[in-house]
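Here the structure is laid out as structure tokens; the discussion comes afterwards.
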Amino acid sequence: MKKVIQLLLIAILCSISLEAFAANWKWVTSTDTMGFYVDIENRSRNPLIGWEKVVFEDPTVRKQFAQSMRDPTEKLDWSDFYYVCYKTQYRINQNRVYSKFLQIVFYDTNNRVITSLDAPQNEPWELVPPNSLNEKIYIALRDY
């Protein structure tokens, strides 16, 4: 009986932890080679911080991106790379939107993490140009 209760507790804890980190990806836009999504489940509003996902649908573009990110000194397997998630923070200053990356996570086709990188503390704020793809992503993350 004690083991049954322990197993039940483990199952409950696992389901709670999975729910806490579940993503709710909403499509923003696509190009011929990539799809762009935002996670509306795991975001904060003040300041606006959220996750963005870029799915590389075109194998050639996917391979080029993986090669550009690959560090030859690391022994990571990029052969099955499929998408990347960015944790981004936004701020508004004088009616202009700025963003900076906080974390980047690379995934394979089986949703396994290949590697992740935390941005340096002094990561610069970048202007989000009006009418750009980045502005579309910002608006989707803000308004969904």
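The values are calculated or read from the model by the stated rules, or taken from the named source; none is laboratory data. Predicted, not measured: the structure shown is a model, and the values here were computed from it. Don't worry about glycine lacking a Cβ; one is built from the backbone with ideal geometry, like all the others, and counts go over all protein chains shown.
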Please pick out the residue among ASP143, ASP71 that is exposed (fewer than 11 other Cβ atoms within 10 Å of the Cβ), among the acidic types (Asp, Glu) and within 19 Å of ALA23 (Cβ to Cβ). ASP143
TYR90 being surrounded by 16 or more Cβ atoms within 10 Å (Cβ to Cβ) and either among the basic types (Lys, Arg) or under 12 Å from the mean Cα position of the chain (by Cα) (or both): no
Of the criteria (1) in contact with a helix residue (DSSP H, G or I) (Cβ under 7 Å, 6 or more places away or on another chain); (2) part of a strand (DSSP E or B), which one VAL55 fails: (1)
Among the residues of the range 64-85, is any touching a helix residue (DSSP H, G or I) at 6+ places or on another chain (Cβ under 9 Å) and within 17 Å of ASN134 (Cβ to Cβ)? yes
Report whether or not ASN46 is more than 15 Å from LEU117 (Cβ to Cβ), under 12 Å from the mean Cα position of the chain (by Cα) and either surrounded by fewer than 16 Cβ atoms within 10 Å (Cβ to Cβ) or of a type in the set (Val, Ile, Thr) (or both). no
Can you run down the residue pairs with Cβ atoms below 6 Å, 6 or more apart or on separate chains, where the first is in the range 41-60 and closer than 24 Å to THR31 by Cα and the partner is part of a helix (DSSP H, G or I) and of a type in the set (A, V, I, L, M)? GLY50/LEU141; GLU52/ILE137
Output the qualifying pairs, or none if there are none: Cβ atoms under 7 angstrom, residues six or more apart or on different chains, first residue in the range 26-37 and closer than 14 Å to TYR144 by Cα, second residue of a type in the set (Val, Ile, Thr) and modelled with pLDDT under 95. LYS26/ILE40
Going through (1) buried (at least 18 other Cβ atoms within 10 Å of the Cβ); (2) of a type in the set (Phe, Trp, Tyr); (3) at pLDDT 95 or above one by one, PHE65 fails only at (3)
Would you confirm whether or not the range 117-127 contains a residue that is modelled with pLDDT under 95 and aliphatic (A, V, I, L, M)? yes
Residues being more than 19 Å from PHE56 (Cα to Cα) and part of a loop (DSSP other than H, G, I, E, B): count how many of those fall in the range 106-131. 11
